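Contents: one structure, followed by commentary.
Every number in this text was worked out from the coordinates using simple rules, so none of it is lab data. Since the model is a prediction, treat every value here as computed from it, not as a measurement. All Cβ positions, glycine included, derive from the backbone under ideal geometry; neighbour counts span all protein chains shown.
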Amino acid sequence: HRLRLSHNMQLCSIWIKYLKYGEFEETVHHFEKECKNKGKVVPKPRGNSLRDSKTLIIQKDLLSSFDDGDFKVFFELWTEFVPLEVRDCDPHAQKLEFYLHVHFTIFPLKIHLGRHVPDFEVRITHFKHYLETRGAALSQTTEFLPYYALPFVPNPVVHPSFRDLFQESWIPERKRELEKFLTVTLTVSDTPRLLSLYTIKKKNSPKNTIQQLQLQLAEAEKRTSSYMRRFNKMQADHHNLIGVTAELVDSLEATVSGKMISPEYLQSVCVRLFSSQLRQSAAQSIDFTRPGTASSLLRASIVPQRPKEVPLLPSLDYDKLKRDLLGGSDRLKALLLQALCWRLTRSLQGEQRDTVLQAYVSNDLLDCHSTRQKPVLLLMRSKNEMVRQYMARLINAFASLAEGRVYLSQVPSLLRLLIESIRTEEKDSVSRENVLGALQKLSLRRSQQSAMIEDGLIDWLVDELQDSDCLSDYTLEYAVALLMNLCLRTRGKRKCAENPKYVLKVLTDLLGHENHEIRPYVNGTLYSILCIHAVREEAKEMSMEEILHCYSKEENPELNRQIEFIIKQLNSEEGPESDDEEEDDDDEEDAIETDLDKEEVLQLQPRELSGETLLTTEYLGIMTNMATRVKRRSAAPLGRSVDEPLQRPVTPISHRNTHIMQVVHTHTHTHILTQGIGSYSIMFWCPSEHQWCQTIPGGDN
């Protein structure tokens, strides 16, 4: 009976605490009144003094365990009294917990001055377990990456990577951080037990767990099936080779006894040997009686295939082309511009495309160097919308290639034409999109950046991005990327500082946009302009740090780390604003989008020619053997860390192709997997060498 009364009291207490937490004051009053009428005892609320004294005792025990290096007691108290949601979701708590594990791991080394002690092995095992469980979430953060090698270093005291850990100031700094954290965390108001029970149940819901396990199982089964197919093929090939080898050994033994091998027998062996590479009929038709035939085929089977020869496109009569572009009907102009654009965008990458571009440039297709009053470029001002659109498409195609940007940048009037067009064309028209794409790609070049900033393009972009929901994905992505490229320059940053509140509001609104492709460019812009003191002060006025923390809770580690860098920039002291005006152009990227020819609106009429057919029928020139100039390719510049916001001019298409870095943990080593297109390498900590080593695996493994 007393047990039942105790349970009733606890349940009533749980309900009352939850109702008070939700500020249901009237409900609490009626609930207590009804409990009293029904004879149910409601516990009186206790004051805060008991809780405060208990908090002080817990805090004292935690600090005492920290000083004594007693990691077992410390982490028992830490797990019990620091709320789970704080330990799992608060970045500051996760960082502190990581360094606490480092502190307890190296504690005996600091006390015993580096001498080996038995307790150290236990601590290393505990630290390894932490890295493989809770600590795995921080494995992609640059700040913590070196510590994942700590368990594999024989003597961390003398290792240069861990020099800071053994400074006298390191432990006092960690203790101050711990005291500050405990003061805030352990004195917060109690979360109602009813709410805690609901949160724990929801988090550990069998439905969520089953869904995660099902996804993992499906992926594992898919990988297993692929591996089994490859294994079965390799096993069959291996058995076939063993069988053929055994027969050939028997044949060699027979020749020692004077027995001859017939051509038919040799052919049957070769058919079996090449069954996986040649059709059986083809293998049987080969004359293996000729010496060296079989061995030549074997050696040829492992030689990499040469790329197929790609034919060069026919030469064109560019004088006639330009005459018709300037004096023909609007319909013919549009068809010619479309065909010229297709010849560039639909040519095969490599020698064929290089030849097309070199022919356009050497014949000055756009009249960039012409002294005539009406050059081809002025078609951007045509009254016919179709002509303007296909002229914009052709300029965008030129701007997509490095050599094309060099050609376009030699025309001072081009930027004025493009900026004039982008201000006058209808929103999200195909013409406007292509002009914007061309401007964004031209912004890879410093001279073009300077001209765009001087022409007030930053103000236009910020105004345009204010109403981002009305923009197409292409316009939005290229507008934000263009803004970032311009803001990497000192003049661009100072331009934003003229109205920092407006610029910051537009950028923070973009952080929450449903199109996540724009996030790296928004982060790069914020990181750049926050080096200006006036922008930082305005950002602090509008509580920028709290806004950024809201967006760092998404499940995207790379973007979360970029936000960490932005917050550091926000809280930094006055930093250098110079962007090295003497730096050369870093402009070697070819970036033709796969959908550059999207939304074709030019419909053919009967007997009308278009594309390559139009060019080769009406404008075929004298065939030339002009050697294409080899495109210069400098060594790839040292890439930024994926942790940091973008700090170099990029185009959206090229940014998607950049390498990614991923850290992978096994039970014995920490690996850094650097993956690119069609290749990857592995960096691993080598204990014997005390350094990071690199390996480049081969094959498909």
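Each residue of the stretch 613-618 was assigned a 3J(HN,Hα) from its phi angle through the Karplus expression (A = 6.51, B = -1.76, C = 1.60, θ = phi - 60°), giving 4, 4, 5, 7, 8, 9 Hz with x at Gly and Pro.
Close amide H pairs (under 5 Å, H built 1.01 Å from N) link Leu620 with Asp317, residues at least 5 positions away or on another chain.
Residue by residue, the stretch 21-34 carries 3J(HN,Hα) couplings of 4, x, 6, 8, 4, 5, 4, 4, 4, 5, 5, 5, 5, 5 Hz when phi is fed to the Karplus relation 6.51 cos²θ - 1.76 cosθ + 1.60 (θ = phi - 60°); x denotes Gly or Pro. As a proxy for reagent exposure, Lys17, Lys501 were ordered by neighbouring Cβ count within 10 angstrom, fewest first; the result is Lys501, Lys17. Which residues in the stretch 311-332 place their backbone N less than 19 Å from a point set 7 Å from the Cα of Thr617 along the Cα-to-Cβ direction? Residues 314-318, 320-322, 324-325, 328-332 qualify, since their backbone N sits under 19 Å from the label point.
The residues His513, His129, when put in order of fewest to most other Cβ atoms within 10 Å, stand as His129, His513.
Could you sort the peptides 322-335, 401-414, 80-93, 437-450 by per-residue average Cβ neighbour count (10 Å cutoff), highest mean leading? It would help to have the intermediate numbers written out before the result.
Working: 322-335: 16.6, 401-414: 18.8, 80-93: 14.6, 437-450: 24.5.
Going from most to least packed, we get 437-450, 401-414, 322-335, 80-93.
Of the Cα atoms belonging to the stretch 378-444, the radius of gyration and Dmax stand at 10.8, 30 Å. The loop-placed trypsin sites (Lys or Arg not before Pro) in the stretch 357-396, going by DSSP, that have at most 16 neighbouring Cβ atoms within 10 Å of their Cβ come out as Arg372, Lys383.
Seen from Ser169, the other residues with C-beta closer than 13 Å to its C-beta sum to a net charge of +1, counting Lys and Arg as +1 and Asp and Glu as -1.
Each Lys and Arg adds +1 at its Cβ and each Asp and Glu adds -1 at its Cβ; summed about the Cα centre, the stretch 486-576 shows a dipole of about 460 debye.
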